[in-house]
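Structure first, then comments.
The values are calculated or read from the model by the stated rules, or taken from the named source; none is laboratory data. Keep in mind that what you see is a predicted model, and the values were worked out from it rather than measured. Ideal geometry is used to build each Cβ from the backbone, glycine not excepted, and the neighbour counts take in all protein chains shown.
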There are 2 protein chains.
Amino acid sequence: MKIALSQLNYHIGNFEENTAKIIQSIAEAKAAGADLVVFAELAIGGYPAKDLLRNAAFLNACEQSLAEIASQCKGIACIIGAPVRNQDPEGKALYNAALLLAEGQVQQLVKKSLLPDYDVFDEYRYFEPNKQVNCIPFQGKTIALTVCEDLWDDDGPNSYVGDIMQELAKENPDIIINIAASPFSYTHFESRKNVLSRNVIKANAPLIYVNQVGAHADIIFDGRSLALNKKGDIIAELHSFAEDLQYVELQKDLGSAQAVAVKNSSEMALIHDALILGLRDYFRKSGFKKAILGLSGGLDSAVVAALACEALGAENVLAVLMPSIYSSDHSLKDALDLVENTGCAHHIVPIKDIAQAFETGLAPAFEGKAADTTEENIQARTRGTILMAISNKHGHILLNTSNKSEAAVGYGTLYGDMAGSISVIGDVYKTQAYQLANYINRDREIIPVNTIVKPPSAELRPDQKDSDSLPPYDVLDSILFQLIEKEKSGSELVKLGFEEVLVQRISRLVNNAEFKRFQSPPILRVSPKAFGPGRTMPLVAKYPF
Amino acid sequence: MKIALSQLNYHIGNFEENTAKIIQSIAEAKAAGADLVVFAELAIGGYPAKDLLRNAAFLNACEQSLAEIASQCKGIACIIGAPVRNQDPEGKALYNAALLLAEGQVQQLVKKSLLPDYDVFDEYRYFEPNKQVNCIPFQGKTIALTVCEDLWDDDGPNSYVGDIMQELAKENPDIIINIAASPFSYTHFESRKNVLSRNVIKANAPLIYVNQVGAHADIIFDGRSLALNKKGDIIAELHSFAEDLQYVELQKDLGSAQAVAVKNSSEMALIHDALILGLRDYFRKSGFKKAILGLSGGLDSAVVAALACEALGAENVLAVLMPSIYSSDHSLKDALDLVENTGCAHHIVPIKDIAQAFETGLAPAFEGKAADTTEENIQARTRGTILMAISNKHGHILLNTSNKSEAAVGYGTLYGDMAGSISVIGDVYKTQAYQLANYINRDREIIPVNTIVKPPSAELRPDQKDSDSLPPYDVLDSILFQLIEKEKSGSELVKLGFEEVLVQRISRLVNNAEFKRFQSPPILRVSPKAFGPGRTMPLVAKYPF
């Protein structure tokens, strides 16, 4: 039996494009002599469709798309994910289903049992869980057909429904097929590989895993679909961050006994590739081509500019340099060097006169008050307004250039440097941003070396340095990692050996910035715990330590 | 048996304050001779604590608070809600529990069975559902103790666990006690009353319902706890939007046969009172006293200013008037009239020179381009920057003044008039804002009549009127209500008789504004479907019609 793994990039709600793409893939697999082609979880409709799953027009379109695709399944079968209405009015409106289509119609329907609702997931909001699991028959073979989380039982907190694979294994399946929409994080591939191979061993059956690829504002799917033989060896690995179609042959086992070497990408290469896909899909799927960003001469905006030029083409990137009276001599030169290295367009709009006009207009309201961070914020918001104005006038999308360290501690101005439609490196700590800059420069100097080596500064007052108000970034980031990724409380960090006074200060900064982050743009998610829907905090709470 | 209903306003994570308040209430009830005092769901810790429920320090503090409260339960018992750790490592980490405390310790623990995860709820994220329900004994009585949603089975989509009250009714309980954290919306009280009385009939038992009161950024709890006798008559109704402590006597039935007249507040009175509580708690719980807002002379900012003066005291409100060259003659006068009527402070900061400085600075970047909405947005963002600057300098919190109609269609400027820490009327349609203005003026003219009667205008270009770009607000709001509150698709609206071209246009505006609303401040929720966590939409999707 020849099985195709079809790893596609779906656009949520774009039924015309998705359906055409799926049908094209079926035709290709059929021409190649495949018996079965496997698509991802919720391929129909796209994922995460969120509350569109409550919209009648969306669900009707899902049904129509499913019927169209089924009609193409003649002489070939397909397995595909779709939201399917629950006929029982007592339960949730939908099932998250895997459908086997053959002979022009739906032959089998398998419902997802384990609905994740941790981190970025909220599947209980929409779906009724399956309660009774069975393998399905196909051309004399027994398939253990599962949807994503159904195989993660041994690793996740969702175990109360029972161990799905253990149940299915009782039927001695010839193969496990798992369709997935499993978001990327730079640590996720290892866990995925381990979970899949544990399931292979458990059921003594080979496994096909087909993931989505593509990005939807914050969430990025890396693809990297896999086929594993009975021993748990990887015998096929599809592209990371790109569409792909590959074939495997199922006899007694899957493929030859030959394992393939798994692609060994560095963490930085993965993050880089994820961000490129995230940027590219944000623009393509929202129908825009051109990006704008403020280029300060510092590290963060340089990294974002370089990524944008790679993702969108330098001809679609406009860098705006907005020097102030506090900008250092090198800043403008460093920014212009980057413009030259990348070949993007640029404007220079000095902010001195505008900031001055604000201060003059505000003088009566500020009477008797000394200068403080207010004046720094005015500069940042002047820049935000300039960027948004050019964006409005020319139809560019503003890229936010904040990194995760500063987003964490609130070292940024709301409506100023926190503005933008999408945050490119908001899930990348400052220490990682340096590594990313070096990775970007791996073949030639794109980001000027001076941008990388000079001490980081917001340049909002004379001779300001980040280190005036923050601990060194390696210290800061190691604390933030524990507070955010590891979800530790302050007291736990102190027990781990971190300095109490410092942890208290950082912890307070993180808490006090919740209200700012609430209004931040969506952030391309590359870590296991990004700011955004995967981490929701109350706003007017008293935070424990 | 004398039972106290203790309806308190909890501050999330503020264990010191909450615990003291609960202990004080227990002492008061004991002094009044009560046998039992009933508190709300998740009273310990506060609700919604969101991902603080994953924080070890938060959970430790919950346990410590519970122990302290239990130690006070001598000669009196109490029923209280708290997150309780699940000892089974296979399930979610917590139960949402109701605890019976007596003789200094926990006597009974009842876990919530039905975990809501629709609208603003996401309880499956944190809690393991209960699977086996039983009544509990207390002083010779059988209590059907339930947590909030457990009684909503007959009305909600959460029925797969089974009908909880039907199970409990088999034990012939003497009384149903429901502890709740049930958010306010202006339609919610009717449904609540009906659900409670259906449960009373089902179990042939009287019922005590204790709700939280208070607001947490977006979510507002109205309190309004109830006691119903066996016939389903309401025999006690606690205050709306305020703390309260009342007593009922349980013999064969609850209280005398005498029903009390339910308070009959108009929809506008409820919305008004909810917004006042929402504002007051936002400031109190975040530790701020003073508010700032931009006062244009138009309706929305006038309504917000009047509400803020009532909620916080006029002495804590600063109105900033920021006339432009397009401001009408009447605008400044109308704004000043409101300042006089309320007694709040004000500043006048004209924006002409600043907007001019932006246009001068941007001239090279705008070369060859005609004036368009960009210049309007510059004015709005100039105002946003002025307000944030005064807010930064003096420690005021900026109130956002957008209404729900304009938030829906994107008729507002991101980082401009969409700025603010909390949106006061972002869940109030423009047509409702007029009614609210009239309600505010019910005793005397606070909002100038001219502000109410003049045609609405953003005054961002000469002689601009809202009706230039939008249909009349009554037409617009009736379409928005169907799209948002009723979650209808465009096609469904056309079938309902709405004009297709208009629905298409409005629907497109709503969809195109998703990215703006993503960055909007939290919105005080008063309707069954507010923008915010109760309505989550994908951002780069193609939206179905």
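Scan region A:333-363 for residues that are in a helix (DSSP H, G or I), small (G, A, S) and either outside the structural domain of A:T382 (by TED's automatic domain parsing) or touching a strand residue (DSSP E or B) at 6+ places or on another chain (Cβ under 6 Å) (or both) and jot them down. First the steps, then the outcome.
So in region A:333-363, the residues in a helix (DSSP H, G or I) come out as A:333-342, A:352-363.
With small (G, A, S) added as a condition, the list becomes A:335, A:355, A:357, A:361, A:363.
Result: A:A335, single match.
If only one of B:G33, B:G45 is closer than 17 Å to B:Q246 by Cα and not in a helix (DSSP H, G or I), which one is it?
On the way: B:G45 fails: closer than 17 Å to B:Q246 by Cα.
Just one listed residue meets the conditions, B:G33.
So, in region B:321-336, how many residues would count as being touching a residue at least 60 places away in the same chain (Cβ under 8 Å), in contact with a Lys or Arg (Cβ under 7 Å, 6 or more places away or on another chain) and closer than 30 Å to A:V349 by Cβ?
Result for region B:321-336: 3.
Checking B:D117 against (1) within 30 Å of A:K495 (Cβ to Cβ); (2) among the acidic types (D, E); (3) within 23 Å of the chain's Cα centre (by Cα), which test does it fail?
(1)
Select, from A:S328, A:S391, the only residue that is out of contact with any Cys (no Cβ under 8 Å at 6 or more places or on another chain), more than 7 Å from chain B (Cβ to nearest Cβ) and within 22 Å of B:D372 (Cβ to Cβ). I'd like the intermediate steps shown before the answer.
Numbers: A:S328 fails: within 22 Å of B:D372 (Cβ to Cβ).
From the options A:S328, A:S391, the qualifying one is A:S391.
Looking for something surrounded by fewer than 20 Cβ atoms within 10 Å (Cβ to Cβ), without any contact (Cβ under 8 Å) to a residue 24 or more places away in the chain, away from every other protein chain (no Cβ under 14 Å) and over 29 Å from A:G534 (Cα atoms) - is there at least one such residue anywhere in region B:60-72?
yes
Free of Cβ contacts under 8 Å to residues at least 40 places away in the same chain, of a type in the set (D, E, K, R) and not assigned by TED's automatic domain parsing to the domain that holds B:I452: does that describe B:K529? Don't jump to the end; show me each part of the working.
Working: free of Cβ contacts under 8 Å to residues at least 40 places away in the same chain: no; of a type in the set (D, E, K, R): yes; not assigned by TED's automatic domain parsing to the domain that holds B:I452: yes.
Criteria not met by B:K529.
What's the number of the only condition in (1) under 27 Å from B:L539 (Cα atoms); (2) in contact (Cβ under 8 Å) with a residue 12 or more places away in the chain; (3) among the acidic types (D, E) that B:E499 fails to meet?
(2)
Looking at region B:516-545, which of its residues are of a type in the set (F, W, Y) and more than 7 Å from chain A (Cβ to nearest Cβ)?
Matches in region B:516-545: B:F531 only.
Could you tell me whether region B:440-453 includes any residue that is within 20 Å of the chain's Cα centre (by Cα) and over 21 Å from B:N377 (Cα atoms)? Spell out the reasoning first.
Start the filter on region B:440-453 by keeping residues that are within 20 Å of the chain's Cα centre (by Cα), which leaves B:440.
Those left that are additionally over 21 Å from B:N377 (Cα atoms): B:440.
Scanning region B:440-453, I find at least one residue that is within 20 Å of the chain's Cα centre (by Cα) and over 21 Å from B:N377 (Cα atoms), so the answer is yes.
So B:P183 ticks every box in (1) out of contact with any Asp or Glu (no Cβ under 7 Å at 6 or more places or on another chain); (2) at pLDDT below 95 but one. Which box is left unticked?
(2)
Inside region A:20-49, can you point out the residues that are touching a residue at least 60 places away in the same chain (Cβ under 8 Å) and within 14 Å of chain B (Cβ to nearest Cβ)?
Once the filter is applied, which keeps residues that are touching a residue at least 60 places away in the same chain (Cβ under 8 Å) and within 14 Å of chain B (Cβ to nearest Cβ), region A:20-49 yields A:L42, A:G46, A:Y47, A:P48.
Looking at (1) in contact with a Gly (Cβ under 7 Å, 6 or more places away or on another chain); (2) facing chain A (nearest Cβ under 7 Å), find the lone condition where B:G361 falls short.
(1)
In the set A:D329, A:D273, which member is of a type in the set (D, E) and within 30 Å of B:L362 (Cα to Cα)?
Working: A:D273 fails: within 30 Å of B:L362 (Cα to Cα).
One residue alone meets the criteria, A:D329.
If you scan region B:394-406, which residues turn out to be within 14 Å of chain A (Cβ to nearest Cβ), out of contact with any helix residue (DSSP H, G or I) (no Cβ under 6 Å at 6 or more places or on another chain) and under 16 Å from B:P521 (Cβ atoms)?
Filtering region B:394-406 for residues within 14 Å of chain A (Cβ to nearest Cβ) gives B:394-400, B:402.
Narrowing the set further to residues that are out of contact with any helix residue (DSSP H, G or I) (no Cβ under 6 Å at 6 or more places or on another chain) leaves B:394-397, B:400, B:402.
If the condition is that a residue be within 14 Å of chain A (Cβ to nearest Cβ), out of contact with any helix residue (DSSP H, G or I) (no Cβ under 6 Å at 6 or more places or on another chain) and under 16 Å from B:P521 (Cβ atoms), then B:H396, B:I397, B:N400, B:S402 are the ones that fit.
Within region B:80-120, how many residues turn out to be out of contact with any Gly (no Cβ under 6 Å at 6 or more places or on another chain), hydrophobic (A, V, I, L, M, F, W, C) and within 18 Å of B:I12 (Cα to Cα)?
Total meeting the criteria: 5.
Out of (1) within 11 Å of another protein chain (Cβ to nearest Cβ); (2) more than 24 Å from B:F518 (Cα to Cα); (3) of a type outside the set (D, E); (4) surrounded by 21 or more Cβ atoms within 10 Å (Cβ to Cβ), what's the single condition that is false for A:N377?
(2)
Residue under question is B:T142, and the condition is that it be away from chain A (no Cβ under 14 Å), out of contact with any strand residue (DSSP E or B) (no Cβ under 6 Å at 6 or more places or on another chain) and of a type in the set (V, I, T); does it hold?
In short, yes.
I need every pair where a residue in region B:5-19 that is more than 8 Å from every other protein chain (Cβ to nearest Cβ) has its Cβ under 8 Å from the Cβ of a residue that is acidic (D, E), sequence separation at least 6 or different chains.
B:L5/B:D244; B:Q7/B:E243; B:Q7/B:D244; B:L8/B:E243; B:N9/B:E243; B:N9/B:D281; B:T19/B:E68
In region B:247-280, which residues are farther than 21 Å from B:R192 by Cβ, small (G, A, S) and buried (at least 18 other Cβ atoms within 10 Å of the Cβ)?
Matches in region B:247-280: none.
Considering only region A:337-351, state which residues are in contact (Cβ under 8 Å) with a residue 12 or more places away in the chain, of a type outside the set (A, V, I, L, M, F, W, C) and away from chain B (no Cβ under 14 Å). Lay out the reasoning, then the answer.
Keep residues of region A:337-351 that are in contact (Cβ under 8 Å) with a residue 12 or more places away in the chain, which gives A:337-339, A:341-351.
If we keep only those that are of a type outside the set (A, V, I, L, M, F, W, C) too, we end up with A:337, A:341-343, A:346-347, A:350.
Answer for region A:337-351, where residues must be in contact (Cβ under 8 Å) with a residue 12 or more places away in the chain, of a type outside the set (A, V, I, L, M, F, W, C) and away from chain B (no Cβ under 14 Å): A:D337, A:N341, A:T342, A:G343.
Residues of region A:407-432 being at the interface with chain B (Cβ under 10 Å from one of its Cβ atoms) and in contact with a strand residue (DSSP E or B) (Cβ under 9 Å, 6 or more places away or on another chain), which ones?
Kept after step one, since they are at the interface with chain B (Cβ under 10 Å from one of its Cβ atoms), are these residues of region A:407-432: A:413-416, A:418-422.
Result: A:M418, A:A419, A:G420, A:S421, A:I422.
Matching residues to (1) within 14 Å of chain B (Cβ to nearest Cβ); (2) under 19 Å from A:L295 (Cα atoms); (3) of a type in the set (V, I, T):
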| position | (1), (2), (3) |
| --- | --- |
| A:Y434 | no, yes, no |
| A:I446 | no, yes, yes |
| A:N450 | no, yes, no |
| A:P456 | no, yes, no |
| A:L460 | yes, yes, no |
| A:Q464 | no, yes, no |
| A:D474 | no, no, no |
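Can you find a residue in region B:488-507 that is assigned to a loop (DSSP other than H, G, I, E, B), under 30 Å from B:I325 (Cα atoms) and over 23 Å from the mean Cα position of the chain (by Cα)? Break it down into steps so the answer makes sense when it comes.
Taking region B:488-507 first, the residues assigned to a loop (DSSP other than H, G, I, E, B) are B:488-489, B:496-499.
Now narrow it down to the ones that are under 30 Å from B:I325 (Cα atoms): none.
No; the residues of region B:488-507 include none that is assigned to a loop (DSSP other than H, G, I, E, B), under 30 Å from B:I325 (Cα atoms) and over 23 Å from the mean Cα position of the chain (by Cα).
Are any of the residues in region A:56-79 among the aliphatic types (A, V, I, L, M), modelled with pLDDT of 95 or more and within 23 Å of the chain's Cα centre (by Cα)? Reasoning before the result, please.
Step one: list which residues in region A:56-79 are among the aliphatic types (A, V, I, L, M), which gives A:56-57, A:59, A:61, A:66-67, A:69-70, A:76-77, A:79.
Next cut, modelled with pLDDT of 95 or more only: A:56-57, A:59, A:61, A:66-67, A:69-70, A:76-77, A:79.
This time we only want the ones that are within 23 Å of the chain's Cα centre (by Cα), so: none.
No - not one qualifying residue is present in region A:56-79.
When region A:324-347 is examined, which residues are found to be crowded, with 16+ Cβ neighbours inside 10 Å and modelled with pLDDT of 95 or more?
Once the filter is applied, which keeps residues that are crowded, with 16+ Cβ neighbours inside 10 Å and modelled with pLDDT of 95 or more, region A:324-347 yields A:D334, A:A335, A:L336, A:D337, A:L338, A:V339, A:N341, A:T342, A:C344, A:H346, A:H347.
Filter region B:274-300 for residues that are under 13 Å from B:V428 (Cβ atoms) and of a type outside the set (A, V, I, L, M, F, W, C) and give the result.
Across region B:274-300, the qualifying residues are B:G278, B:D300.
Give me the pairs, please: first residue somewhere in region B:186-209 and farther than 30 Å from B:F481 by Cα, second residue anywhere and polar (S, T, N, Q) and surrounded by 20 or more Cβ atoms within 10 Å (Cβ to Cβ), beta-carbon distance under 6 Å, and either six or more positions apart or on two chains.
Final answer for the pair search is B:P206/B:N229; B:Y209/B:N178; B:Y209/B:S225.
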